[in-house]
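Each remark here refers to the structure printed beneath this line.
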Amino acid sequence: MSATSEPLGTGGLIFNEPLLWHKGRKGRTGMSIPAGDVPAAAIDDALLGEPVDFPDLSEIDVVRHYTRLSQWNFGVDSGMYPLGSCTMKYNPKTNERQAATPAIAAAHPMLADELCQGTLRLLFELQRSLAAITGLDAVSLQPAAGAHGELTGMLIFHAWHRHQGAQRRKILIPDTAHGTNPASAALCGYQAVAIKSDDRGMLDPALVAELMDEDTAGIMLTNPNTLGLFEERIREIAAIVHAKGGLVYGDGANMNAVLGVIDAKRCGIDVLHLNLHKTFSTPHGGGGPGAGPVCVTSELEPFLPVPRVVKEGGSFRLDSDRPLSVGRIHAFHGNFGILVRAYSYILTMGEAGLKQASRLAVLNANYIKEQLKDVLHLPYDRPCMHECVFSDLNQQAQKITTLDMAKRLIDYGYHPPTIYFPLVVHGALMIEPTETECKDDLDQFIATLRTIVREAEEQPDLLRQAPHRTKVRRLDEVQAARCPCLIGPSAG
Amino acid sequence: MKEIEELKLPDDIRYTDDHEWAKITGDTVLVGVSDYAQDQMGDVVFVELPAIGDTFAKGDEFGTLESVKAVSELYMPMSGEVIAVNTALADSPELINQQPYATWIVEIKPSDPSEYGQLHDAASYLQLLKG
């Protein structure tokens, strides 16, 4: 048997590990505190509360605990992570090396401009690169996440309309847009108006024309949309919105499909955010830190957050004198360490490399789609972009759900794809392989899913009870959601 | 999940396109979600309810149901004022899965009782589900 035909597996040595409260013993310590030269004094009782129940632990207790827990983890460094909509591409280690350079990592954010020309230059050049990649004119690197970029975009919409002399109350949002879009619009005081996509998964310009009025600030759309399909009529839609005095927000979360291929400005997009933690290979998952830079047309540049990095002659400085700016939306310069990683990635890849990455991401997704559509139901059978969306329709006779198939994938050593999103596909199974995976690995993944489909017919209970080979079996998600346990036990 | 034939669709209530049901009780109307809705959503873990006294037009969103799969909006089957909400759902959202028709979510005083007649009866709702 060749190495590649064996299952990737999740077996082997699985550590047991108790909670730290059960591991600690009174009197253990992880550090030696130097003798004090200040006499001990009693604390005023009024300042005291209930003591916090922390266990006493030695250094090795803590190191082993977290190292062992990390063995239960699964990341893109351990295997394929086809989590649709999340672009879990490999994060090259050179990015980490650049970000750890002491001159960069240790630079204090309050250094005077003349003492941090290198870091300012890095920010300036990253802004310029992102502008070149999107076709837009100006960029703010401050937003710390995709949804934060969306909020910044909505604040810019709001500030621009105010500057035009009349505020508007509504925003159009297609049902194939990212789920955070309505929340970002609502947070900015806009009422989200949903637009249904058509039977091809596309946004119909006629519907936009019907809904777009003088009380609507604009539209927020995701392109490619959450079905992994390219909104072909985006220029027509943008023209309709602009004709009524509205703006077009592009959610760039799916930009990994189109780097160097589309020009957002020529598509009619006025504001676009990028997820550096997706498209530009900065670490992603576990809740952050992320970066969601916002790119805008020159008309909207005055409204970008301050401070702005500007170049004057041969030097760089921070400029906060922008009276129309929406203000500061993050302390200092956003998540600077993440920006360094993205800058490193862009320089490493170059223009041709980024374009090739997008092409391969699209090719990989289409390859998976074509190789599986005879066994998994494909609701929108047409060329996709960077991800493809199947459903569990073919497995309904066996009463096997998307969740069962996703859980079974864990047994074969894969992180499951995104499930039950987008909402417009019932029982969605959304696969985004990214450009990271080579054909051998894609073939193995495809063969695995075909095996799972066969198991669904022949041994459905195997799927219903999956996963079998993990440290814990099927978790009770319902109980966890109804009665979440958010605190540790006391040592007792 | 249930086959369409396995769904319970009582005859004494009316249904919406969005899978709510409405039941006349004297001069008020009880509102819940259909067997199909609870089955599609899976285990409901949280119900967001409106306030008593809120008024809505037919089709307005009046609350949300959250399951482990998704969050779904609840839409008014008829226009009216909320006169009661089912407070038992705060601690026992699973009632919606266990007894979808015995578990009302809100009670409303309809502003236009004739809207009831515009809702699907069981036969027409079944046709809708069959597509």
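If you take the residues of the range B:44-67 that are part of a strand (DSSP E or B) and of a type in the set (Val, Ile, Thr), which of them is surrounded by the fewest Cβ atoms within 10 Å (Cβ to Cβ)? Steps first, please.
Applying the first criterion (part of a strand (DSSP E or B)) to the range B:44-67 yields B:44-48, B:55-56, B:61-67.
Subset that is of a type in the set (Val, Ile, Thr): B:44-45, B:47, B:55, B:64.
Numbers: B:Val44: 27, B:Val45: 21, B:Val47: 22, B:Thr55: 15, B:Thr64: 13.
The qualifying residue surrounded by the fewest Cβ atoms within 10 Å (Cβ to Cβ) is B:Thr64.
Can you confirm whether the range A:303-324 contains a residue that is under 30 Å from A:Asp215 (Cα atoms) and either part of a helix (DSSP H, G or I) or within 18 Å of the chain's Cα centre (by Cα) (or both)?
Step one: filter the range A:303-324 for residues under 30 Å from A:Asp215 (Cα atoms), giving A:303-306, A:322-324.
Restricting the remaining residues to those that are either part of a helix (DSSP H, G or I) or within 18 Å of the chain's Cα centre (by Cα) (or both) gives A:303.
Scanning the range A:303-324, I find at least one residue that is under 30 Å from A:Asp215 (Cα atoms) and either part of a helix (DSSP H, G or I) or within 18 Å of the chain's Cα centre (by Cα) (or both), so the answer is yes.
Being surrounded by 24 or more Cβ atoms within 10 Å (Cβ to Cβ) and more than 18 Å from the chain's Cα centre (by Cα) narrows it down to one residue among A:Ala209, A:Ala243, A:Ala238; which is it?
On the way: A:Ala209 fails: surrounded by 24 or more Cβ atoms within 10 Å (Cβ to Cβ); A:Ala243 fails: surrounded by 24 or more Cβ atoms within 10 Å (Cβ to Cβ).
Among A:Ala209, A:Ala243, A:Ala238, only A:Ala238 is surrounded by 24 or more Cβ atoms within 10 Å (Cβ to Cβ) and more than 18 Å from the chain's Cα centre (by Cα).
For residues in the range B:68-84 being within 12 Å of B:Asp18 (Cα to Cα) and in a loop (DSSP other than H, G, I, E, B), which is nearest to the other protein chains (Cβ to nearest Cβ)? Steps first, please.
Within the range B:68-84, the first condition is being within 12 Å of B:Asp18 (Cα to Cα), and the residues that meet it are B:72-77.
Filter once more, keeping what is in a loop (DSSP other than H, G, I, E, B): B:76-77.
Details: B:Met76: 16, B:Pro77: 19 Å.
Going through the qualifying residues, I end up with B:Met76.
Could you tell me which numbered condition A:Pro283 fails, if it satisfies all but one of (1) at pLDDT below 95; (2) buried (at least 24 other Cβ atoms within 10 Å of the Cβ)?
All conditions pass for A:Pro283, except number (2).
What tally of residues in the range A:306-326 results from selecting those that are among the charged types (D, E, K, R) and closer than 14 Å to A:Cys116 by Cα? Even if it seems obvious, please write down each step before you answer.
Within the range A:306-326, the first condition is being among the charged types (D, E, K, R), and the residues that meet it are A:308, A:311-312, A:317, A:319, A:321-322.
Cutting the leftovers down to closer than 14 Å to A:Cys116 by Cα gives us A:311, A:317.
So the answer is 2.
Would you confirm whether any residue within the range A:403-415 is of a type in the set (Val, Ile, Thr), closer than 20 Å to A:Ser85 by Cα, buried (at least 22 other Cβ atoms within 10 Å of the Cβ) and under 26 Å from the mean Cα position of the chain (by Cα)? So that I can check it myself, show each step before the final result.
Going residue by residue through the range A:403-415, those that are of a type in the set (Val, Ile, Thr) are A:410.
Still in the running and closer than 20 Å to A:Ser85 by Cα: A:410.
Narrowing the set further to residues that are buried (at least 22 other Cβ atoms within 10 Å of the Cβ) leaves none.
No; the residues of the range A:403-415 include none that is of a type in the set (Val, Ile, Thr), closer than 20 Å to A:Ser85 by Cα, buried (at least 22 other Cβ atoms within 10 Å of the Cβ) and under 26 Å from the mean Cα position of the chain (by Cα).
Filter the range A:154-188 for residues that are more than 24 Å from the chain's Cα centre (by Cα) and part of a loop (DSSP other than H, G, I, E, B); which is farthest from A:Phe303 (Cα to Cα)?
Taking the range A:154-188 as the starting set, the residues that turn out to be more than 24 Å from the chain's Cα centre (by Cα) are A:158-170.
Within this subset, residues satisfying the condition of being part of a loop (DSSP other than H, G, I, E, B) are A:165-169.
Values: A:Gly165: 15, A:Ala166: 16, A:Gln167: 15, A:Arg168: 17, A:Arg169: 19 Å.
Only one residue fits best here, namely A:Arg169.
Being surrounded by fewer than 18 Cβ atoms within 10 Å (Cβ to Cβ) and either under 20 Å from A:Val261 (Cα atoms) or out of contact with any Gly (no Cβ under 9 Å at 6 or more places or on another chain) (or both) is true for just one of A:Arg382, A:Arg341. Which residue is that? Can you show your working first?
On the way: A:Arg341 fails: surrounded by fewer than 18 Cβ atoms within 10 Å (Cβ to Cβ).
On inspection, the qualifying residue turns out to be A:Arg382.
Taking the range B:89-131, which residues are in contact with a helix residue (DSSP H, G or I) (Cβ under 8 Å, 6 or more places away or on another chain), hydrophobic (A, V, I, L, M, F, W, C) and within 14 Å of another protein chain (Cβ to nearest Cβ)?
B:Leu89, B:Leu95, B:Ile96, B:Leu129, listed by residue number.
When the residues of the range A:75-106 are narrowed to those that are surrounded by 15 or more Cβ atoms within 10 Å (Cβ to Cβ) and hydrophobic (A, V, I, L, M, F, W, C), which ends up nearest to A:Leu339 (Cα to Cα)?
Only one residue fits best here, namely A:Ala99.
So, in the range A:279-298, of the ones that are assigned to a loop (DSSP other than H, G, I, E, B) and of a type in the set (Ser, Thr, Tyr), which residue ends up nearest to A:Glu150 (Cα to Cα)?
Among them, the one singled out is A:Thr297.
Which of the residues that make up the range A:479-492 are exposed (fewer than 11 other Cβ atoms within 10 Å of the Cβ) and either within 14 Å of chain B (Cβ to nearest Cβ) or among the aliphatic types (A, V, I, L, M) (or both)?
From the range A:479-492, those exposed (fewer than 11 other Cβ atoms within 10 Å of the Cβ) are A:483-487, A:489-490, A:492; that's our starting set.
Those that are exposed (fewer than 11 other Cβ atoms within 10 Å of the Cβ) and either within 14 Å of chain B (Cβ to nearest Cβ) or among the aliphatic types (A, V, I, L, M) (or both): A:Cys483, A:Pro484, A:Leu486, A:Ile487.
Looking only at the range B:34-49, count every residue that is away from chain A (no Cβ under 12 Å) and closer than 19 Å to A:Pro484 by Cβ and tell me the total.
1
With respect to A:Gly218, is the statement that it is under 26 Å from the mean Cα position of the chain (by Cα), at pLDDT 95 or above and farther than 29 Å from A:Leu83 by Cα true? Outline the logic, then answer.
Values: under 26 Å from the mean Cα position of the chain (by Cα): yes; at pLDDT 95 or above: yes; farther than 29 Å from A:Leu83 by Cα: yes.
Answer is yes for this residue.
Which residues, counting only those in the range A:222-278, are small (Gly, Ala, Ser), touching a strand residue (DSSP E or B) at 6+ places or on another chain (Cβ under 7 Å) and in a loop (DSSP other than H, G, I, E, B)? Spell out the reasoning first.
The initial filter retains those residues of the range A:222-278 that are small (Gly, Ala, Ser), namely A:228, A:238-239, A:243, A:245-246, A:250, A:252-253, A:257, A:260, A:264, A:268.
If we keep only those that are touching a strand residue (DSSP E or B) at 6+ places or on another chain (Cβ under 7 Å) as well, we get A:228, A:238, A:246, A:250, A:252-253, A:264, A:268.
Across the range A:222-278, the qualifying residues are A:Gly228, A:Gly246, A:Ala253, A:Ala264, A:Gly268.
Would you please name the residue that is surrounded by the most Cβ atoms within 10 Å (Cβ to Cβ), looking only at residues in the range B:1-34 that are closer than 17 Å to B:Ser111 by Cα and hydroxyl-bearing (Ser, Thr, Tyr)?
So the residue we want is B:Thr28.
Where the second residue is in a helix (DSSP H, G or I) and the first is closer than 16 Å to B:Val85 by Cβ and lies in the range B:102-116, which pairs have Cβ atoms under 6 Å and are six or more apart or on separate chains?
B:Thr103/B:Leu95; B:Thr103/B:Ile96
The values are calculated or read from the model by the stated rules, or taken from the named source; none is laboratory data. Predicted model, so just to flag it, every value in this text is computed and none were measured. Glycine also receives a Cβ, built like all others from the backbone with ideal geometry; neighbour counts cover every protein chain displayed.
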